[in-house]
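**Student:** Below you'll find the structure I mean.
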Amino acid sequence: MSQASEKSVIISGVGSYTPSKILTNDDLSKIVETSDEWIRTRTGIRERRIAGENETTSDMASAAASEAIKNAGLKPSDIELIIVGTVTPDMRFPNTACFIQRKLGIGKVPAFDVEAACSGFLYTVEIARSLMLTSGYKHALVIGAEKLSKITNWEDRTTCVLFGDGAGAVVLSLVDEPRVGILQSLMGADGNESDILCVPENEQSGTAAVEKIERALHKIHMQGNQVFKIAVRVMCQSAVDILEKANISAEDISLVIPHQANNRIIEALSQRLGIGMDRFKINLDRYGNTSAASIPIALDEAYRNGRIKSGDTILMVAFGGGLTWAAMVIKWQ
Ligand code: UT7
């Protein structure tokens, strides 16, 4: 990412939405053979939110986006670009961004989705930032939103205890000031590991529909242990690499907002960076893993709780199916 531009892209508004229905670990222990103790100690999760049957990803995203636009002091008509990170679009097509555009009454601006699983939000912010710097869009709406409950296998205790639903959004704005807002960004992927975390449905195109359902091929499949090891390695390496790229030391980071998958992964990141857990934003105890929504929900919560002040340097790191990863350093305006 070039830093030559005299312009920067800042986060000018934040918002989030989580459904009201809470599913606790004890609730889950009535559905599958698990316990609150196992889930808490292995992951850090206590409860997660579950969207209503008719509540869609674009409904949750629109609520979060509406907050973010208001928080930026803007109107929907000011938005010039919409990008959504999601693996749970309302429909295969049209894209979820178009539904949000219609629901919020945003003008006829470009609107599309990006599929990079749990890295989806950071991928999406970087794509929007690049488009803003090259094409001059002034205000972009960037959202991470997921209804993971619809692709969760509620009979598989190794995955169903991990995920939740929700949405987080930011408004990005182009400003005539160098080196503020998004300072540095990196993205990566390794398709060789695509099988260890996926929804394999389409791959098995010769498989009869009934067999697909019996084998839950339309639901999340994960080799948790494998994913865990790679997540620790890749999250740590991404964080180290981005700090080096941005020429910023770990001491200068006011707050780390990691993808909220597992407390043990976050602790490993804290140790590797030498940044205490008190400088990490963690809310997975209340929301579980919401994939692309996890970082923007945590960002919104940190902002609203006064944990982010003007001038703060924030590190965000994500990892997810693909496998994909991404990291970003932001100087808050
Ligand atoms: O968002 C992007 C990516 N996702 C992640 O980053 C997730 C990464 N992976 C993980 O967080 C962890 O691997 C899990 C939390 C999914 C699993 O933790 P683990 O320490 O890796 O457990 P494990 O898979 O090695 O399983 C240990 C034991 C097994 O029993 P045996 O074979 O030792 O008898 C499992 O069958 O725990 C058992 N187990 C459970 N027991 C109670 C697995 N799931 C459960 C459960 N409740 N829900």
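**Student:** Towards the positive end of the charge dipole of the chain, with charges on Cβ (+1 Lys, Arg; -1 Asp, Glu), say which of GLY311, SER249, PHE93 has the farthest Cα.
**Tutor:** Highest projection toward the positive end goes to GLY311.
**Student:** Next up: Restricting to the range 1-115, compute how many DSSP beta bridges are antiparallel as a %, nearest 5.
**Tutor:** 50 percent
**Student:** Shifting gears a bit: Just for the Cα atoms in the range 5-129, what are the lengths along the principal axes, largest first, rounded to whole Å?
**Tutor:** Extents along the principal axes, in whole Å: 53, 35, 27.
**Student:** Nearest 20 debye, what's the magnitude of the dipole of the range 182-331 about its Cα centre given +1 on Lys and Arg Cβ and -1 on Asp and Glu Cβ?
**Tutor:** Charge dipole of the range 182-331: 360 debye, to the nearest 20.
**Student:** Using Cα positions and a limit of under 17 Å, work out the aspartates and glutamates in reach of LYS212, with same-chain residues fewer than 8 apart set aside.
**Tutor:** Within the straight-line limit of under 17 Å, LYS212 reaches these aspartates and glutamates: GLU155, ASP156, ASP195, GLU201, GLU203.
**Student:** Here's another thing I want to ask about it. So how do 324-333, 92-101 stack up, highest first, on mean other-Cβ count within 10 Å?
**Tutor:** Answer by packing, highest mean first, reads 324-333, 92-101.
**Student:** Turning to a different aspect of this structure: Can you work out the Karplus-derived ³J(HN,Hα) for every residue in the range 172-187? Use 6.51 cos²θ - 1.76 cosθ + 1.60 with θ = phi - 60°, whole Hz, and x for glycine or proline.
**Tutor:** Rounded to whole hertz, the list is 9, 10, 8, 10, 8, 8, x, 6, 10, x, 6, 8, 7, 8, 9, 9.
**Student:** Quick one: which residues, 5+ away or cross-chain, put their amide H under 5 Å from the amide H of GLY288? H built at 1.01 Å from N.
**Tutor:** ARG46, GLU47
**Student:** Still on this structure, I have one more. Taking each full run of DSSP H in the chain as one helix, which ones are at least 24 Å long along their axis (Cα atoms) and have mean Kyte-Doolittle hydropathy of at least -1.0?
**Tutor:** Qualifying helices, which must be both long enough and hydrophobic enough, are 224-246.
**Student:** Projecting each Cα onto the charge dipole of the chain (Lys/Arg +1, Asp/Glu -1 at the beta carbon, about the Cα centre), which of GLN226, GLY288, ALA140 comes out farthest on the positive side?
**Tutor:** Comparing the listed Cα positions along the dipole, ALA140 ranks first.
**Student:** Another question, if that's okay. Write down the percent of antiparallel bridges among all DSSP beta bridges whose residues are both part of the range 182-331, to the nearest 5.
**Tutor:** If I count the DSSP bridges inside the range 182-331, around 75 percent turn out antiparallel.
**Student:** If you don't mind, there's one more thing I want to ask. If amide H atoms are built 1.01 Å from N in the plane of the peptide, which residues on other chains or at least 5 residues away come under 5 Å of the amide H of GLN184?
**Tutor:** VAL329
**Student:** Also, quick follow-up: Run through every distinct alpha carbon pair of the range 60-219 and return the Kirkwood hydrodynamic radius in angstroms, one decimal place.
**Tutor:** In the range 60-219 this quantity evaluates to 17.2 Å.
**Student:** Another question about this same structure. Just to confirm, what accessible area per residue do you get for the range 235-333 at 1.4 Å probe, in whole Å²?
**Tutor:** Per-residue value: 33 Å².
**Student:** Divide by every residue of the chain the summed helix terms, -39500 (n - 2.57) for each DSSP H run of at least 4, and state the resulting mean residue ellipticity at 222 nm, rounded to the nearest 500 deg cm²/dmol.
**Tutor:** Result for the chain, helices only: -10000 deg cm²/dmol.
**Student:** Another one. For a quick protection proxy, order the peptides 249-255, 6-12, 316-322 by their average other-Cβ count within 10 Å, most packed first.
**Tutor:** The peptides rank, most packed first, as 316-322, 6-12, 249-255.
**Student:** Determine the dipole magnitude for the range 2-178: charges of +1 sit on the beta-carbon of Lys and Arg, -1 on that of Asp and Glu, nothing else is charged, the reference point is the Cα centre, and the result goes in debye to the nearest 20.
**Tutor:** Computed about the Cα centre, the dipole is about 300 debye.
**Student:** If only Cα atoms are counted, what is the Rg of the chain, and what is its Dmax, in Å?
**Tutor:** 18.9, 57
**Student:** While we're here: Quick one: work out the % antiparallel among DSSP beta bridges in the chain, nearest 5.
**Tutor:** 75 percent
**Student:** First select every other residue whose beta carbon is under 11 angstrom from the beta carbon of THR152; then total the charges, Lys and Arg +1, Asp and Glu -1.
**Tutor:** With Lys, Arg at +1 and Asp, Glu at -1, the neighbours total 0.
**Student:** Ok, one more. Give me Rg over Rh for the range 182-331, both radii from the alpha carbons and Rh done the Kirkwood way, two decimal places.
**Tutor:** Over the Cα atoms of the range 182-331, Rg/Rh equals 1.04.
**Student:** Summing +1 for each Lys or Arg and -1 for each Asp or Glu, what net charge is found among the other residues whose Cβ lies under 13 Å from the Cβ of PHE93?
**Tutor:** Charge balance near PHE93 sits at -2.
**Student:** Let me ask something additional. Apply the Karplus curve 6.51 cos²θ - 1.76 cosθ + 1.60, θ = phi - 60°, to the phi angles in the range 138-149 and return the couplings in whole Hz, x for Gly and Pro.
**Tutor:** Couplings: 7, 10, 10, 9, 10, 10, x, 9, 8, 10, 5, 4 Hz.
**Student:** About its Cα centre, how strong a charge dipole does the chain have in debye, to the nearest 20, once Lys and Arg get +1 and Asp and Glu get -1 at the Cβ?
**Tutor:** Dipole about the Cα centre, nearest 20: 540 debye.
**Student:** Name the lysines eligible as straight-distance cross-link partners of LYS21: C-alpha to C-alpha under 22 Å, and not fewer than 8 places from it in the same chain.
**Tutor:** Partners found: LYS30, LYS147, LYS150, LYS219.
**Student:** Could you please report the charge total around ALA268, scoring K, R as +1 and D, E as -1 over all other residues with beta-carbon less than 13 angstrom from its beta-carbon?
**Tutor:** +3
The values are calculated or read from the model by the stated rules, or taken from the named source; none is laboratory data. Predicted model, so just to flag it, every value in this text is computed and none were measured. Here Cβ is always computed from backbone atoms with ideal geometry, including for glycine, and neighbour counts include all displayed protein chains. When the accessible area is computed, the model is the full protein with side chains, heavy atoms only, and any ligands, DNA or RNA have been set aside. Shrake-Rupley method; radii C 1.70, N 1.55, O 1.52, S 1.80 Å.
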